[in-house]
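What follows is a short report on a single structure.
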Amino acid sequence: MIDVINLEKHFGDHKVLRGISLSVKKGDIVVVIGPSGSGKSTFLRCLNCMEDPTGGQIIFRDADIADPSVNINVHRQHMGMVFQHFNLFNNKTVVENIMLAPVYVKRKEMRKKKRKNFFLSLTNLFRKEEVKPYQITSKKRIREQARGQAMELLGRIGLEDKADVYPSTLSGGQKQRVAIVRSLAMNPDVILFDEPTSALDPEMVGEVLELMKSLAEEGMTMVIVTHEMGFAKEVANRVIFIDEGKILEEAPPEEFFGNPKNPRLKEFLAKVLV
């Protein structure tokens, strides 16, 4: 699904990522851990080109999305992103936050079909057999469908009663769950999580991790940067250790935590597993 080949990211003379290669297959739950400043979040942000890679390739949906000539916005529709600080729009209601991207994409598709139908009508003037135009739905119908899907997603996390309130009235855990289902509204192939629980109070962490566990059970492909070692042990099928911009170890969780091989990983685990 995603093939990362010799990925590099430099900020001036500072080399943050130093030749990372990684394959993520459909259904994988890949957890990325490492010390602060190791390049974990930069790696994740490079995966959907929120940070432009300095070098290397990122093959997704048969395209190298690290290539500047590729329309990254087309591919981002299939790659969800959940941030540490939620990134909800405070001037829009909860349901409007979830509807925003699907409505935008569907309306863009509608405008393309209208343009195609215009040129098709001209072409049909010179054809013996008329080609039927594309069917076009209305803006109202697009919003109705997006709201229906959004309400279903809110029902899934038990927040349908919060549909018409603003994010500022929600707890941190509720905001993060809304941010996750907002990503789901686009029916992505993969979701990237950048430390989704690090900004939450301890009692709110569990409700977010439970939602992520349920996504894992349903087969959602996920790449997760986190400090939640228990979650990594329970849910991941692979754990990656990054330090100083390099992958130093990669293994299934049983081997990764039970029999680490890299000295730097052993040192790291000794400090975080208490």
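Whole number please: convex hull volume per residue of the Cα set in region 137-274, in Å³?
Working: hull volume 19.7 nm³, N = 138.
Once divided by residue count, the hull of region 137-274 is 143 Å³.
At a Förster distance of 25 Å, what's the computed FRET efficiency of N73 paired with S121, Cβ-Cβ distance as r, to 0.05? Provide the component values of the computation, followed by the final result.
Values: r = 29 Å, r/R0 = 1.14.
That gives a FRET efficiency of 0.30.
Relative contact order of the chain: what whole-number percent is it, with Cα pairs under 8 angstrom and at least 6 residues apart? Intermediate results must be reported in sequence, preceding the final value.
On the way: 447 pairs, mean separation 77.4, N = 274.
Relative contact order, the chain: 28 percent.
How would R182, R76 line up by accessible area, probe 1.4 Å, largest first?
On the way: R182 40, R76 80 Å².
Per-residue accessible area, sorted high to low, gives R76, R182.
Would you pull out the residues with amide H under 5 Å of D64's amide H, same chain only if 5 or more places away, H placed 1.01 Å from N?
Sorted by chain and number, the residues that satisfy this come to none at all.
Given bins 10 angstrom wide, list per bin the percent of all Cα-Cα distances in the chain, short to long.
6, 25, 30, 22, 10, 4, 1, 0
Taking Rh as the Kirkwood radius, which is the inverse of the mean 1/r over Cα pairs, what is the Rg/Rh value for region 42-120?
Details: Rg = 15.8 Å, Rh = 15.0 Å.
Taking Rh as the inverse mean 1/r over Cα pairs, Rg/Rh reads 1.06.
Could you work out the relative contact order of region 97-169, using alpha carbon pairs under 8 angstrom and six or more residues apart, expressed as a whole percent?
Values: 32 pairs, mean separation 25.5, N = 73.
Worked out over region 97-169, it gives 35 percent.
Taking a quarter of the surface of the Cα convex hull of region 84-189, what do you get in nm²? Show your work: numbers first, answer last.
Details: hull surface 33.8 nm².
Mean shadow area of the hull around the Cα atoms is 8.5 nm².
If you rank K106, K9 by how much accessible surface each has, with a 1.4 Å probe, what is the order from largest down? Present the calculation step by step, with values, prior to reporting the outcome.
Numbers: K106 105, K9 20 Å².
Highest to lowest solvent-accessible surface, that is K106, K9.
Tell me the label-point distance for the pair A199, S23, using the 7 Å Cα-to-Cβ offset, in nm and rounded to one decimal.
Placing both labels 7 Å beyond Cα along the Cβ direction yields 3.5 nm.
Assign unit charges at the C-beta atoms only (+1 for Lys and Arg, -1 for Asp and Glu), then state the dipole size of region 64-222 relative to its Cα centre in Debye, rounded to the nearest 20. Walk me through the intermediate numbers first.
Working: 25 positive and 20 negative charges, 325 e Å.
Roughly 1560 debye for region 64-222.
Give the span of region 198-260's Cα atoms along each principal axis, as three whole-Å numbers ordered largest to smallest.
Sorted largest first, the three principal extents are 31, 26, 21 Å.
Work out, step by step, the length gained on full extension between H10 and N87: first 0.36 nm times the residue separation, then minus their alpha carbon distance; give nm to one decimal. Could the numbers behind the result be given before it?
On the way: separation 77, 0.36 × 77 = 27.72 nm, distance 2.55 nm.
Stretched fully, the H10-N87 segment lengthens by 25.2 nm.
Excluding ligands, DNA and RNA, what is the solvent-accessible area per residue of the chain at a probe of 1.4 Å, expressed in Å²?
Details: 14340 Å² over 274 residues.
That works out to 52 Å² for each residue.
Quick one: with all protein chains in place, what share of the accessible area of the chain is carbon or sulfur, to the nearest percent (1.4 Å probe)?
Working: 6990 of 14340 Å².
Whole-percent figure for carbon plus sulfur exposure: 49.
Sort F11, F231 by heavy-atom solvent-accessible area, probe 1.4 angstrom, most to least. Kindly include the intermediate steps, with their values, before the conclusion.
Working: F11 95, F231 10 Å².
If we order F11, F231 from most to least accessible, we get F11, F231.
Have a look at region 1-155 and give its Rg and Dmax from the Cα atoms, expressed in angstrom.
That works out to 20.7, 68 Å for Rg and Dmax.
Can you compute the charge dipole magnitude of the chain about its Cα centre, using +1 on each Lys and Arg Cβ and -1 on each Asp and Glu Cβ, nothing else charged? Give it in debye, rounded to the nearest 20. Could the numbers behind the result be given before it?
Details: 40 positive and 36 negative charges, 364 e Å.
The calculated dipole for the chain is roughly 1740 debye.
Just the accessible area for M50, please: 1.4 Å probe, Å², rounded to the nearest 10?
70 Å²
Using a 1.4 Å probe, how large is the accessible area of K15, given in Å² and rounded to the nearest 10?
Its heavy atoms expose roughly 100 Å² to the probe.
Please name whichever of I242, P253, Q174 sits farthest to the positive end of the charge dipole of region 135-259, dipole taken about the Cα centre and charges placed at Cβ: Lys and Arg +1, Asp and Glu -1.
Working it through, the farthest residue towards the positive pole turns out to be Q174.
The values are calculated or read from the model by the stated rules, or taken from the named source; none is laboratory data. A quick note: this is a predicted structure, and the numbers were derived from the prediction, not measured. So basically every Cβ, Gly included, is an ideal-geometry build from the backbone, and we count neighbours across all protein chains shown. Please note that ligands, DNA and RNA were not included when accessible areas were found on the heavy atoms of the full protein model with its side chains. Shrake-Rupley method; radii C 1.70, N 1.55, O 1.52, S 1.80 Å.
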